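Here is the structure we will look at, set down as structure tokens.
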Amino acid sequence: MKFKFPTPRPKKIAKTTLSRFLRKRMIYYVVPNIVFNTLVAYASFQEVGFTHFFEGPQSLARLTLPMAIFLPLILTVDIIKRVAVAADQGAIEYRIAEELNKNKFMARLGIIHAVVTGLLILSFLIFAQLSLSKYYKLDPTAMAILDGVLAGILSVLFTYLPIQKLKKHLYKPETEITMSSNEQRSILQ
């Protein structure tokens, strides 16, 4: 006997505009990412007492690089998926073109965002390491706050940036106007 679980239907989304929808999602992304990344970094760095860029058991790169890679990937895929569901339900004023392969688009764009952001943060950390003395110790509280601020900036950036790429495939559907036969005759005369 096989058990079949019904596929859950997406929750009905209230009618809104795309900009309001994105603003609301951005708040849902920013606040937890700032709090979570700041607290994790603070707890990790306080255990050691100080931190370095690449050396030691809790280096700055060890916490920042995974965040810089996975946060853009997850946010890009999630926001595109949520906008697609909202467009399918008619909750926003746009629709997605049928010829777009959403899964391929999400995967490709998410990987590009993850790689570019990871390389950018890595290059910044290497530049900072080379600019400062080898024995320079970083303040753990300042680095935890910096990690949280970076998470907030990435959350805002990767809420809006994927939609800028998706806008090439969005269109506003035409509304149908129905007229009675009397109205049609009066217009034609």
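The values are calculated or read from the model by the stated rules, or taken from the named source; none is laboratory data. The structure presented is a predicted model; accordingly, all values stated were derived computationally and were not measured. Ideal geometry is used to build each Cβ from the backbone, glycine not excepted, and the neighbour counts take in all protein chains shown. Side chains included, ligands, DNA and RNA excluded: accessible areas come from the protein's heavy atoms. Shrake-Rupley method; radii C 1.70, N 1.55, O 1.52, S 1.80 Å.
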Residue in region 8-18 that is open to solvent by 80 Å² or more (accessible area, probe 1.4 Å), modelled with pLDDT of 75 or more, part of a helix (DSSP H, G or I) and within 21 Å of PRO162 (Cβ to Cβ) present: no
Enumeration of residues in region 41-69 that are open to solvent by less than 60 Å² (accessible area, probe 1.4 Å), at pLDDT 85 or above and among the β-branched types (Val, Ile, Thr): THR64
Among the helices (runs of 4 or more DSSP H) lying completely within region 70-189, list those that include at least 1 residues that are polar (S, T, N, Q), open to solvent by 60 Å² or more (accessible area, probe 1.4 Å) and modelled with pLDDT of 90 or more. 102-131, 140-166
